[in-house]
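Each remark here refers to the structure printed beneath this line.
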Amino acid sequence: MPSNSGRSRKNLRVLRVRIVHGVALLSAAIFVLASSHGRAAELEPRAYANAPVGLNFLIAGYVRSEGGLSTNPASPIQDAHLNINTGVLAYARSLDVWGRSGKLDVIMPFSDLSGTALVSGQPAERNISGLNDPRFRFSVNFIGAPALSMQEFAGYQQDLIAGASVQVSAPLGQYDPSRLVNIGTNRWFIKPDIGISKALGAITLELSAGVFFFTINDEYYGGKTLEQEPVYTTQAHVTYSFRNGVWAALDATYDFGGRTTVNGVQKDDAMENSRFGATLAMPLNRNYSIKLYASSGVSTRTGSDYKLGGMALQYRW
């Protein structure tokens, strides 16, 4: 019969294994949430608005999100709570694309992420920070938004705008294949998107639909290969423009798909999420403006379920 000290050492080894396993599972949960933030569940009103050709925009912003994961009751991960603080630096320029208005923008984010959860009944915690994958987007309005100079734009009145865009994310963010928790994703994504915008006096109605296509991450944790099916996303916005240049919007999005496969084994983790939000933009002077925004999950089948708030200061020249 083993002694009490022998049983104690065995129990301690079991507890250590559970804690290490718990941290690994929590790391996987954080990876899923970090990968989904800033991709699906985006809310961006006025994405297809017209602007005078030749303008430059420099944007500095801050975003904070708090939330967790919606998991199956049988999952070992429960009560996950995650915080992500992100600083964003972006540049955009309005273009003349064969007589139609277009835009090119570049986004460079940096995030600090922390999380806690109960994993198999044991508490686990993880913290990480680093550069996110940068994103590049090209968009063009092919109906209802001609390329106009600043002088010509003064007399422009929107009616119906239809446009399209392509966004690409490059795998340049912080990534260590020996770690399960990373800010970067070690894979590309490409997102084609189409949208329409209809002005009704001071009110503008907007609707867009897009799809995220992901490349394979062949350096996933443990030497595995991670694949993900496309994520389909739709957005709807109702924007009201005030006379002094202030505008406000109510926002909604619905995303679905994105089931993952690890080393050929398909997971039961397809997303089906909806969010509502609001945006307020105000000019400070001729060159500066500020935008405040917030959103919250309405329903989450699987994946991230979080509240988000942020602000962005824009300089235009």
* Structure fact -> For ASP133, the residues 5 or more places away or on another chain with a placed amide H closer than 5 Å to its own amide H are GLY173, THR185
* Added length on full extension, which subtracts the Cα-Cα distance from 0.36 nm per residue, VAL211 to LYS198 -> 2.5 nm
* Asked: Given R₀ = 22 Å, FRET efficiency for THR234-ALA270 by Cβ-Cβ distance, to 0.05?
  -> 0.85
* Past the 29 Å Cα-Cα mark, which pairs from LYS267/LYS307; LYS103/LYS198; LYS191/LYS307; LYS103/LYS224; LYS191/LYS291? -> LYS103/LYS224
* **TYR175, TYR240 arranged by Cβ crowding within 10 Å, fewest neighbours leading** => TYR240, TYR175
* Calculate the spin-label point distance for ASP159 paired with ARG243, positioning each point 7 Å from the Cα along the beta-carbon direction, and give it in nanometres. => 2.6
* Can you list the residues, at least 5 places off or on another chain, whose amide H is less than 5 Å from the amide H of LYS307, using H built in the peptide plane? -> GLU66, GLY67
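Read-outs throughout are calculated quantities, based only on the coordinates presented, and are distinct from any laboratory measurement. For clarity, every value in this text was computed on a predicted model and none was experimentally measured. Quick reminder, even Gly has a Cβ in these numbers, built from the backbone with ideal geometry, and neighbours come from all protein chains shown.
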